[in-house]
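Right, one structure below, let's go through it.
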């Protein structure tokens with residue numbers, strides 16, 4: 001008999017005695033009644049493993065459900081395989097399937113064949129459920145380069161991430177016809193048993209469509225395409241094209257502000273989106289077309305530290321809208337719109353108080369006021385400001401580049417890698433610190449940013465098709481420094497696995513006003529730590 005120490009998702013531990021040759025799946029089955037959510041993956045000796053791994057005497061096993069980020073992504077990859085198998089069974093094995101990008105609490109997929117209808121989505125969904133009911137195994141066949149090859153009911157596909165043991169683990173999903181493709185939707189970590197309510201995200205869809213057009217211009221669709229460009233000496237040309245596309249889009253936004261006579265320009269987005277660089281590039285473009293923008297940040301309107309609200313754990317909550325002096329902000333924006341002299345504060349983060357008397361400002365009648373801050377899309381921030389004066393911009397990097405048609409790079413990975421590099425360069429934090437704090441950052445985004453994206457008038461995609469190669473150069477050494485016993489180690493290994501598909505590239509040729517320079521250094525737009 002093998003003695004196994006098992007840690008459950010709630011942190012409690014159990015001891016099990018199993019026969020030789022038994023797997024982590026057997027341990028999961030014995031302990032499933034103690035957890036409300038299905039176990040999907042496990043960790044042994046700090047390594048993330050499938051539940052099919054054979055256990056040895058003395059192993060310390062950690063069981064993971066969908067609330068764990070690795071298990072969540074494993075569920076998504078497994079569901080992508082199940083979906084692809086169903087498409088091929090319904091429409092034919094030669095029909096290409098692409099898992100394109102996140103959208104509407106799921107992923108947008110493309111099926112390259114004619115005659116896709118609502119009935120097609122229903123047929124695919126029905127067949128997926130049929131295979132779930134049969135509890136078919138995801139059989140591990142072997143290695144395919146840097147990926148693992150799996151078989152599902154005769155179909156072979158390769159994935160970067162480990163898959164769940166069988167289709168029966170995929171407890172909930174939805175297939176929905178959408179635009180020129182399909183939405184594949186699934187549970188999220190906050191509610192692992194249910195698919196969240198559908199949310200229309202037409203603005204994000206349009207941004208992805210624009211990104212696809214950029215991909216065609218650049219001639220890069222997947223990781224291998226980028227690697228070939230780098231190997232062939234085409235990197236600098238790709239950088240110039242990417243920056244030109246960014247600048248064109250910034251100029252279009254500036255022109256929309258002028259033509260619609262908007263005065264209050266609100267810029268918001270999640271962490272590491274490049275908000276500061278974008279705001280300053282927008283100000284430059286506004287000046288090019290004859291306007292003289294005033295640049296402000298909502299951070300300067302923080303309440304005095306003694307008045308900062310507390311979160312549920314009793315810590316000061318600087319992410320909350322209640323940490324902002326919204327009354328003063330509204331009064332001062334109204335004052336500026338009326339052309340009155342206004343004493344704009346500067347927040348002293350050491351003293352925890354606003355300092356007045358340094359920025360007494362008057363706005364001219366057509367002068368736009370560019371305001372950057374995470375709450376820019378929240379209508380409560382500007383509730384006393386006339387709606388026809390506002391122009392809201394949502395900024396985030398939408399990953400334009402996947403590893404291949406079925407292996408998607410999550411949008412959050414781009415932002416996390418950017419933050420790892422920037423935190424180390426400008427704040428002295430190691431990668432482990434950034435990774436372990438990332439869950440709190442994401443929780444704040446889910447609460448204070450993402451619910452308000454529908455209020456945006458336009459979207460700016462701040463990603464670069466080439467940036468994974470550049471970020472690899474900086475992030476890979478930092479991730480490799482994380483020791484196996486560190487809680488951040490599994491996530492570091494996952495990120496390293498994704499980066500392994502990209503050729504590291506130099507940052508030579510990236511201009512000093514690039515948004516990417518905000519993170520890797522050398523920016524002329526950002527001279528201090530940001531966000």
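Rule-based calculations on the coordinates, nothing more; no lab input. In this text, all values refer to a predicted model and were calculated from it rather than measured experimentally. Glycine gets a Cβ as well: all are built from the backbone with ideal geometry, and neighbour counts include every protein chain shown.
Placing R0 at 45 angstrom, the Cβ-Cβ distance between residue 232 and residue 433 gives a FRET efficiency of 0.75 after rounding to 0.05.
Let me have the 222 nm mean residue ellipticity of the chain computed from DSSP H runs of 4+ only, each contributing -39500 (n - 2.57), with the sum over all residues rounded to the nearest 500. That comes out to -11000 deg cm²/dmol. Shown here: the range 2-64, whose C-alpha atoms stretch 28, 21, 17 Å along the first, second and third principal axes, sorted largest to smallest. A simple spin-label model places pseudo-atoms 7 Å from Cα toward Cβ; at residue 480 and residue 193 they are separated by 4.5 nm. Extension gain for residue 54-residue 151 works out to 33.0 nm (0.36 nm per residue, less the C-alpha to C-alpha distance). Find the centroid of the Cα atoms in the range 265-310 and in the range 13-55, then give the distance between the two in whole Å. Value for the Cα centre distance between the two parts: 48 Å.
Once C-alpha pairs closer than 8 Å and six or more residues apart are averaged by separation and normalised to the residue number of the chain, the relative contact order reads 14 percent. Per-residue extension of 0.36 nm, minus the Cα-Cα distance of residue 350 and residue 93, leaves a gain of 86.3 nm for this segment.
Taking the C-alpha atoms only, the angle from helix 275-288 to the longest principal axis of the chain is near 40 degrees.
Against the main long axis of the alpha-carbon atoms of the chain, helix 326-337 sits at an angle near 50°.
At the listed q of 0.07, 0.08, 0.11, 0.12 Å⁻¹, the Debye profile of the chain, built from one uniform point per Cα, gives log10 I(q)/I(0) equal to -0.44, -0.57, -1.05, -1.22. Note on residue 122/residue 455: beta-carbon distance plugged into 1/(1 + (r/R0)^6) with R0 of 25 Å gives a FRET efficiency of 0.15.
Once the Cα-Cα distance is subtracted from the 0.36 nm per residue extended length, the residue 29 to residue 44 segment shows a gain of 3.7 nm.
Which log10 I(q)/I(0) values, to two decimals, does the range 388-509 give at q = 0.11, 0.15 Å⁻¹ under the Debye formula with one point per Cα? Here log10 of I(q) over I(0) equals -0.43, -0.77. Under the simplified labelling scheme, the residue 310-residue 240 pair shows an inter-label distance of 5.9 nm, with each label point 7 Å from Cα along Cα→Cβ. May I ask for the angle, rounded to the nearest 10°, between helix 467-480 and the longest principal axis of the chain, with both axes built from Cα atoms and the value confined to 0 to 90°? Approximately 70 degrees, to the nearest 10.
On a C-alpha basis, how far is the centre of the range 457-516 from the centre of the range 214-251 in Å? Whole number, if you could? Each part reduced to its Cα centre gives a spacing of 17 Å. The base-10 log of I(q)/I(0) for the range 221-295, evaluated at q = 0.21, 0.25 Å⁻¹, reads -0.93, -1.14 [Debye formula, identical scatterers on Cα atoms, solvent excluded].
Using a simple spin-label model with pseudo-atoms 7 Å out from Cα toward Cβ, residue 3 and residue 255 lie 7.4 nm apart.
Placing R0 at 22 angstrom, the Cβ-Cβ distance between residue 447 and residue 67 gives a FRET efficiency of 0.85 after rounding to 0.05. Rounded to the nearest 5, what % of the DSSP beta bridges within the chain are antiparallel ones? In the chain, DSSP labels about 70 percent of beta bridges as antiparallel.
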